[in-house]
Amino acid sequence: MRVAPVTAASARVDAWLWAVRVYKTRSAATTACRAGHVRVNGDRAKAAQHVRPGDELRVRIAGFDRHLIVRTPIVKRVGAALVAEAMEDRTPPRDPAPVIAQRDRGAGRPTKRERREIDRLRGRPSTSSGSG
């Protein structure tokens, strides 16, 4: 029985994303490629496209982009220490999530003043219509 090598000269993009633990399953990586969430060197990637050292990947996960550089193409899933050697993560740090005001359940309908405060926090223009 022949065992596939852990590293290779190139690897399929879906297999590489799975091997470096960007996606939990290879089928999830394949689905992301089909949906257009993976770009290699700026172009949309098909799952079977090969990546080589130096390739730049942009992967969209949960509405946010990860920017990865391929250092070593690997085809088998490896531990975290080897993942750090196989890729370079140039993803900028995320901005902290804005604080969203929440009302207690059962607090009833907001008053006019509370509604205006909620609209101001959400960045909506006030829709007050004066009589006149």
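General observations
- On Cα atoms only, tilt of 112-122 relative to the major axis of the chain in degrees: 20
- Tensor-based shape of the chain (alpha-carbon gyration tensor, a/c under 1.5 rounded, otherwise prolate or oblate): prolate
- Heavy atoms of Thr111 accessible to a 1.4 Å probe, total area in Å² rounded to 10: 70
- Helical mean residue ellipticity (222 nm; -39500 (n - 2.57) per DSSP H run of 4+; nearest 500) of the chain: -7000 deg cm²/dmol
- Under 16 Å from Lys24, Cα to Cα: aspartates and glutamates that are on another chain or at least 8 residues apart: Asp14
- Max mean-square fluctuation residue, GNM over the chain, Cα-Cα springs under 10 Å, options Gly79, Gly54, Gly106: Gly106
- For the chain, the relative contact order works out to 22 percent when only alpha carbon pairs closer than 8 Å and six or more residues apart are counted.
- In sequence order, region 27-44 has phi-based couplings of 5, 5, 5, 5, 4, 5, 5, 4, 7, x, 8, 10, 10, 10, 6, x, 10, 4 Hz under the Karplus curve 6.51 cos²θ - 1.76 cosθ + 1.60, θ = phi - 60°, and Gly or Pro positions carry x.
- Percent carbon-and-sulfur accessible area, region 36-108, ignoring ligands, DNA and RNA, probe 1.4 Å: 50
The values are calculated or read from the model by the stated rules, or taken from the named source; none is laboratory data. Because the structure is predicted, anything quoted here is derived from the model rather than measured. The accessibility values were calculated without ligands, DNA or RNA, using every heavy atom of the protein model including side chains. Shrake-Rupley method; radii C 1.70, N 1.55, O 1.52, S 1.80 Å.
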